[in-house]
Amino acid sequence: MTSSNLAKGRYLVTGGAGFVGSHLCQRLLDLGCEVVVVDNFITGRKTNIQPFLGNSKFTLIEKDIIEPLELSGGLAGIFHMASPASPVDYMKFPIETLRVGAMGSDNILNLALQKKCPILVASTSEIYGDPLEHPQKESYWGNVHTIGPRGCYDESKRYLEAITMAYHRVYNLPTRIIRIFNTYGPRMRTDDGRVVPNFCMQALANKDLTVYGEGKQTRSFCYVNDLVEGILRVIQCDHSEPINLGNPTETSILEFAKRIITMAKSSSKIVYRALPEDDPKTRCPDISKAKSLLGWNPGMDLETGLRHTFDYFKSTL
Ligand code: NAD
Ligand code: UDP
């Protein structure tokens, strides 16, 4: 199974003007599908979807999905991607983040029920909190600080998973849950506060790279095109339980900073800043389920993926 086998129908993408959503729209259009995006631009940008606006197969609905969405015509499937995702964004908009996961997800699941179509929802590795199991398998229940600063996002996504399973159990709705691990690539906002845009922009300006804590915490970075391929395989498979999507190549944040300075041939130095509260100490996906169910394996190496991303940031200057 690959993304090319996807039925060429009309798809709804919530959060389609965001980083991941816009790449997903691009791929769907390339495959010959029709795409409807609903987005309120809380963290997304019109520029991300600007190239699609003249395409007769593309429709934009500017709307907050915490309000019910009426849509005429049929749908072949829904990709529910809407939610702030960067820690800086969701800490700035904690109530909006909880609402989109709760009311927004309920509305969109209801729409899938009306349209009798499959729905894929974007959950996250944050479900695992500061994980005590490593690498993280889908069977791990997590270690989440409900009332901490990241709680608004973690609990929003845990509710998203719970309500998705409830729709599946009560109505037999064909639902898919993906747990996305750190994903990067072109079209990330330069100011979203995540580590990839921060380090790339700092290196480009020959400014100090801000490593939080001692930089011993780890992350595993997946290139956005690999993620999109995974998403388009998951919607086609008949599996309602969560599936991890991420690249298991793990790096410490300090190593990551050094790598970016070298790649950028930058004169930047590393400075250390306070580690944010509840920052997960490790994060690495066990992707054996995605491999065996979907034949999916993220193929982009970090060096090449970072180069594409860095070139994108350079082009924004
Ligand atoms: P993003 O912030 O770039 O995109 C999210 C989009 O959702 C934005 O366009 C935003 O305007 C829209 N949105 C938010 N609330 C909305 C609402 N109430 N109504 C309508 N639109 C709304 O984030 P992203 O990195 O593209 O993440 C996309 C999805 O993937 C999110 O659900 C996120 O939780 C999940 N995810 C991403 C990553 C990652 O590393 N990028 C990791 C884990 C999970
Ligand atoms: N980080 C950092 N410097 C920065 C931004 C982030 O050291 O300028 C660290 C952050 O503390 C975390 C990791 O990089 O350990 C990834 O952060 P990001 O915000 O990208 O996503 P997270 O994985 O925490 O959701």
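The values are calculated or read from the model by the stated rules, or taken from the named source; none is laboratory data. Just so you know, these numbers come straight off a predicted model, no measurement behind them. Because the Cβ atoms are built from the backbone with ideal geometry, glycine has one as well, and the counts that use them run over all protein chains shown. In case anyone asks, the SASA skips ligands and DNA or RNA and just uses the protein heavy atoms, side chains included. Shrake-Rupley method; radii C 1.70, N 1.55, O 1.52, S 1.80 Å.
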**OP:** Find out how many positive minus negative residues lie around Cys33, taking Lys and Arg as positive, Asp and Glu as negative, among other residues whose Cβ is under 11 Å from that of Cys33.
**Re:** +2
**OP:** Pick out, in residue order, every one of the GluC sites (Glu not before Pro) in the range 122-216 that is DSSP loop and has at most 12 other C-beta atoms within 10 Å; say none if there are none.
**Re:** Glu214
Subject >> Sequence-distant lysines (8 or more away, or on other chains) whose Cα lies within less than 16 Å of Lys291 >> reply: Lys137
Original post:
If contacts are Cα pairs under 8 angstrom and at least 6 residues apart, what is the relative contact order of the range 73-216 in percent?
Top reply: 28
**OP:** Over 30 Å, how big is the tail of the calculated P(r) for the chain, in percent of all Cα pairs?
**Re:** 29
**OP:** Run down the aspartates and glutamates and flag those whose C-alpha is under 15 Å from the C-alpha of Lys314, throwing out any fewer than 8 positions away in its chain.
**Re:** Asp191
Original post:
Once phi is turned into θ = phi - 60°, what whole-Hz ³J(HN,Hα) does the Karplus curve with 6.51, -1.76 and 1.60 give for every residue of the range 180-196, x standing for Gly and Pro?
Top reply: 8, 9, 2, 10, 9, x, x, 6, 5, 5, 5, 10, 7, x, 6, 5, 5
**OP:** Give, in nm to one decimal, the length gained when the segment between Ser315 and Lys63 is fully stretched (0.36 nm per residue of separation minus the Cα-Cα distance).
**Re:** 87.7 nm
Subject >> Taking the range 23-127 and dividing mean pair separation by its residue count, relative contact order in percent (alpha carbons under 8 Å, at least six apart) >> reply: 28
Subject >> trypsin sites (Lys or Arg not before Pro) within the range 269-315: DSSP coil, no more than 14 neighbouring Cβ in 10 Å >> reply: Lys269, Lys281
Original post:
By how many nm would the segment from Lys216 to Arg45 grow when fully extended, if each residue of separation counts as 0.36 nm and the alpha-carbon distance is taken off?
Top reply: 58.3 nm
Subject >> C-alpha long axis of helix 302-315 to longest principal axis of the chain, angle in ° >> reply: 90
Original post:
Which percent of the accessible area of the chain is formed by carbon and sulfur heavy atoms (probe 1.4 angstrom)?
Top reply: 51
Subject >> the chain, relative contact order [Cα under 8 Å, separation at least 6], % >> reply: 18
Original post:
Per residue, how much space in cubic angstrom lies within the convex hull of the C-alpha atoms of the range 56-106?
Top reply: 107
**OP:** Whole number in Å², please: accessible area per residue of the chain, 1.4 Å probe, ligands, DNA and RNA not counted.
**Re:** 42
**OP:** May I ask which of Lys57/Lys92; Lys157/Lys216; Lys46/Lys157 have a Cα-Cα span longer than 29 Å here?
**Re:** Lys57/Lys92
**OP:** Compute the FRET efficiency between Asp301 and Ser72 as 1/(1 + (r/R0)^6), taking r as their Cβ-Cβ distance and R0 = 45 Å, and round to the nearest 0.05.
**Re:** 0.50
**OP:** Find, among the chymotrypsin sites (Phe, Trp or Tyr not before Pro) in the range 28-102, those assigned to loop by DSSP (not H, G, I, E, B) with at most 15 other beta-carbon atoms within 10 angstrom.
**Re:** Phe41
Subject >> the chain - charge dipole about Cα centre, Lys and Arg +1 at Cβ, Asp and Glu -1, debye rounded to 20 >> reply: 600
**OP:** Place the peptides 12-21, 66-75 in order of packing, highest mean first, counting for every residue the other Cβ atoms within 10 Å and averaging per peptide.
**Re:** 12-21, 66-75
Original post:
Rg(Cα) of the range 110-217 divided by 2.2 N^0.38 Å?
Top reply: 1.35
Original post:
Roughly speaking, what is the stretch gain from Met91 to Thr190, that is 0.36 nm per residue apart minus the C-alpha to C-alpha distance, in nm to one decimal?
Top reply: 33.9 nm
Original post:
Based on DSSP, what percent of beta bridges with both residues in the chain are antiparallel, to the nearest 5?
Top reply: 10
Subject >> Max mean-square fluctuation residue, GNM over the chain, Cα-Cα springs under 10 Å, options Ile61, Ile260, Ile177 >> reply: Ile61
Original post:
Which net charge results when you count Lys and Arg as +1 and Asp and Glu as -1 among the other residues whose beta-carbon is under 15 Å from that of Asp191?
Top reply: +4
**OP:** Report the net charge of residues surrounding Thr59, where surrounding means a beta-carbon distance below 10 angstrom and charges are Lys +1, Arg +1, Asp -1, Glu -1.
**Re:** +1
